[in-house]
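Asks: Have a look at this one.
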Amino acid sequence: MEINRPDVVAEVAAAFAAYEAALVAGEPDRIVDFFWQSPRTVRYGIADQQVGIEEQRVWRWAQPPLPAGRRLRETQIATFGADYAVVNTLFEYPGGTVVGRQSQTWVRLPSGWRIVAAHVSEPAASAAVDQGVYAAMRRPARPRTP
């Protein structure tokens, strides 16, 4: 299996850029068209989740546009063979203190490159610097009691 074939990376980068343009422009139908049109499509958002393309469609139409000035950084594209890719990126907004994370699994289908699974998260700004959170993560797990 070839990893990161330049032609496949370029195709996925173009599809991802077109998706991002639709997202920033607030075009729900265009956004949904980038997803696999299946009841098995999954998207986990910051405070939401959609399973199936119909849930995604309803949710997209109910959402307000994104805040102005969304910026991406550290976008990583990994392709595996000619038909499978993972895109990860960080995003932020002017004046914001939180850096969001976005992951997408893309598959080449007969209709073209489509997102089959996506996950978006924004860690709480305070949790990112709260040493207590990290200390708790390093503690050994306690045995569970019934």
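Asks: Considering only residues that are aromatic (Phe, Trp, Tyr) and either surrounded by 14 or more Cβ atoms within 10 Å (Cβ to Cβ) or under 23 Å from residue 107 (Cβ atoms) (or both), which ones fall in region 60-92? Talk me through it step by step, then tell me what you get.
Replies: Within region 60-92, the first condition is being aromatic (Phe, Trp, Tyr), and the residues that meet it are 61, 80, 84, 91.
Scanning region 60-92 gives 80, 84, 91.
Asks: A further question follows. What are the residues in region 40-94 that are closer than 24 Å to residue 123 by Cα and charged (D, E, K, R), if any?
Replies: If the condition is that a residue be closer than 24 Å to residue 123 by Cα and charged (D, E, K, R), then 43, 48, 60, 70, 71, 73, 74, 92 are the ones that fit.
Asks: Residues that are of a type outside the set (A, V, I, L, M) and free of Cβ contacts under 8 Å to residues at least 24 places away in the same chain, at least 2 per element: which strands (runs of 3 or more DSSP E) completely within region 26-86 meet that?
Replies: Details: elements: 42-44, 49-51, 71-80.
Ranges flagged: 49-51, 71-80.
Asks: Looking at residue 11 and the list (1) over 17 Å from residue 107 (Cβ atoms); (2) among the acidic types (Asp, Glu); (3) surrounded by 15 or more Cβ atoms within 10 Å (Cβ to Cβ), which single condition is not satisfied?
Replies: Here residue 11 meets the rest and fails (1).
Asks: Pairs only if they're at least six apart or on different chains, beta carbon under 7 angstrom, first in region 1-13 and touching a residue at least 24 places away in the same chain (Cβ under 8 Å) and more than 18 Å from residue 114 (Cα to Cα), second surrounded by 14 or more Cβ atoms within 10 Å (Cβ to Cβ) and of a type in the set (Phe, Trp, Tyr); list them, first residue then second.
Replies: 1/80; 3/80
Asks: Considering 40, 30, 57, which residue is at pLDDT 95 or above and surrounded by 16 or more Cβ atoms within 10 Å (Cβ to Cβ)? Talk me through it step by step, then tell me what you get.
Replies: Working: 40 fails: surrounded by 16 or more Cβ atoms within 10 Å (Cβ to Cβ); 30 fails: surrounded by 16 or more Cβ atoms within 10 Å (Cβ to Cβ).
It is 57.
Asks: Given (1) assigned to a helix (DSSP H, G or I); (2) at pLDDT 95 or above, identify the lone condition not met by residue 134.
Replies: Here residue 134 clears every test but (2).
Asks: How many residues are hydrophobic (A, V, I, L, M, F, W, C) and either over 14 Å from residue 14 (Cβ atoms) or not in a strand (DSSP E or B) (or both) when one looks only at region 87-114? Lay out the reasoning, then the answer.
Replies: Within region 87-114, the first condition is being hydrophobic (A, V, I, L, M, F, W, C), and the residues that meet it are 87, 90-91, 98-99, 106-107, 109, 113.
Among the residues that remain, those that are also either over 14 Å from residue 14 (Cβ atoms) or not in a strand (DSSP E or B) (or both) are: 90-91, 98-99, 107, 109.
Of the residues in that region, 6 qualify.
The values are calculated or read from the model by the stated rules, or taken from the named source; none is laboratory data. All of these numbers come straight from a predicted model, not from anything done at the bench. All Cβ positions, glycine included, derive from the backbone under ideal geometry; neighbour counts span all protein chains shown.
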